[in-house]
Amino acid sequence: MKAVIILPTYNERENIVAILSQLTRVTRTISGFSFVFLVADDSSPDDTAGAVESYKGNRRDIVIVSGKKEGLGKALLRGMLYAVNVLGCDVIAQIDADLSHDPSALPKFFEKMRQGHDFVVGSRYIRGGSIPDNWGIHRKIYSIAGNAIVRFGLGETRVHDWTGGYRVYDKKYVERLKDEVAPYSGYVFQIAFLHNAIKLGANVGEVPIHFTDRRFGHSKIAPSEYIRNVLFYVAKERFSSVVHGTFGKFLVVGTIGFIINTIVLELLVAVGAHPVVGSAVGAELAIISNFFLNNSWTFGHKKIKSKNIPPKFFQFNGTSLGALVIQSGTVAIGTFLFGVGMYRWFYLLGVGIGLIWNYAMYSRVIWR
Ligand code: GDD
Ligand code: MN
């Protein structure tokens, strides 16, 4: 099996040779794999590439893949594609080049891979892992809270470290995710890549790691931009998982129906119609909208064939009438028992029960 270790570098001249030689040593203890070290450099002004060239000599297991500076995500993706498409590897490892990640932990990652995991992440937030003691309280809180927001925000609590860059994974995740993750050019790439791998069913393993502060050079992270990107990513994923789930779509369609109903009622009343007529016409137009939007979107995977549309639409009107009865019935019973003043609460309760009724009818009867 062939493994490629990607080292993203931007101005890591003072670190790159030390980490390459440590990696060279430690990988000799990992059996079953041949290793290539891939430096994904962005034409660093400090000539990191030159330092690698002179250390490399005639070794063929060290390659430099240069590009222009477009962010950590872009550099990682460039390295990944080169590793898979040009070097033909089976497994990819990635590690920060500034020695914040200890190369001697690498065998544990490969041990996890051998145990059947196909995506192994280094975790600072599990037993045996750590962030630096010398970090100020603010930095510690940022780090811990940031990870917790991602972890709970995405609802994937099995993984404890989402943002780190010390990982080993199967090459299939590069092949299957290269387009999906391409837009994430910065540090948020780490989150997007792991999250999408989990969505594809990755069997994630964690190795505890100690993160130490770099001794040479400085961090390239831009905290405020990073925080914004992370929050945006989590919010976007949350929103789309709700909207793309059947129930979320059902709610969206129902809201559109409610808006149609209200607008039609108001328009008809404005031109002199009786509110009862206005609300009946509005309700029927909302029913039509609900039926066709649910058929083509919410339950698009169980779409009703055109010859079955008339009877199904008739049935749909019946279940909608059911919701109307539930709603008005709830208001009637509630106001009878607790007084007319309470009508708004029972209206809300009626709408809630009506929603459950509708969703049950749609998924169990209409779009069975
Ligand atoms: N080629 C390239 N291009 N490399 C980059 C770039 C870039 O634009 N930006 C950063 N790097 C390289 C650095 O040279 C280093 O080897 C590694 O990526 C990590 O960058 P640092 O600048 O040292 O980041 P950090 O230590 O502040 O960030 C750590 O924590 C982040 C959040 O938890 C790293 O572990 C990140 O991977 C992690 O996302
Ligand atoms: Mn660093």
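Extending 7 Å from the Cα toward the beta-carbon at both residue 133 and residue 203 defines two label points whose distance is 3.8 nm.
For segment 2-244, report the accessible area per residue in Å² (1.4 Å probe, heavy atoms, rounded to an integer).
Here the per-residue accessible area is 46 Å².
Using the 1.4 Å probe convention, the accessible area of segment 246-366 works out to 61 Å² per residue with neighbouring protein chains retained. Were the residues from residue 90 through residue 24 laid out at 0.36 nm apart, the gain over their Cα-Cα distance would be 21.9 nm. FRET efficiency for the pair residue 225 and residue 104, taken as 1/(1 + (r/R0)^6) with r the Cβ-Cβ distance and R0 = 35 Å, rounds to 0.60.
Within the listed set 18, 323, 105, the residue fluctuating most in the Gaussian network model of the chain (springs between alpha-carbon atoms under 10 angstrom) is 323. Between residue 68 and residue 309, the contour length at 0.36 nm per residue exceeds the alpha carbon distance by 81.1 nm. In the assembled protein chains, residue 172 presents an accessible area of approximately 70 Å² (probe radius 1.4 Å). For segment 133-143, the Karplus equation 6.51 cos²θ - 1.76 cosθ + 1.60, evaluated at θ = phi - 60°, returns couplings of 4, 7, 5, x, 4, 5, 5, 4, 5, 3, 5 Hz by residue, with Gly and Pro reported as x. Length gained on full extension, residue 276 to residue 364, computed as 0.36 nm times the residue gap minus the Cα-Cα distance: 28.5 nm. Provide the net charge surrounding residue 132, with neighbours chosen by a C-beta distance below 14 Å and charges set as Lys +1, Arg +1, Asp -1, Glu -1. It works out to a net charge of 0.
Residue 252 sits with roughly 50 Å² accessible to a 1.4 Å probe, with DNA, RNA and ligands left out of the calculation.
The charge dipole of segment 275-368, taken about its Cα centre with unit charges on the Cβ of Lys, Arg, Asp and Glu (plus for the first two, minus for the last two), comes to roughly 500 debye.
Rounded to the nearest 0.05, what FRET efficiency do residue 114 and residue 348 have when you use their Cβ-Cβ distance and R0 = 51 Å? It comes out at approximately 0.35. The distance between label points at residue 255 and residue 14 comes to 5.2 nm (points 7 Å beyond Cα on the Cα→Cβ vector). Other residues within the sphere of radius under 10 Å centred on the Cβ of residue 187, judged by their own Cβ, net out at 0 (K and R +1, D and E -1).
The values are calculated or read from the model by the stated rules, or taken from the named source; none is laboratory data. Keep in mind that what you see is a predicted model, and the values were worked out from it rather than measured. Don't worry about glycine lacking a Cβ; one is built from the backbone with ideal geometry, like all the others, and counts go over all protein chains shown. Ligands, DNA and RNA are stripped out before the accessible areas are found, and what is left, the full protein with its side chains, is counted by its heavy atoms. Shrake-Rupley method; radii C 1.70, N 1.55, O 1.52, S 1.80 Å.
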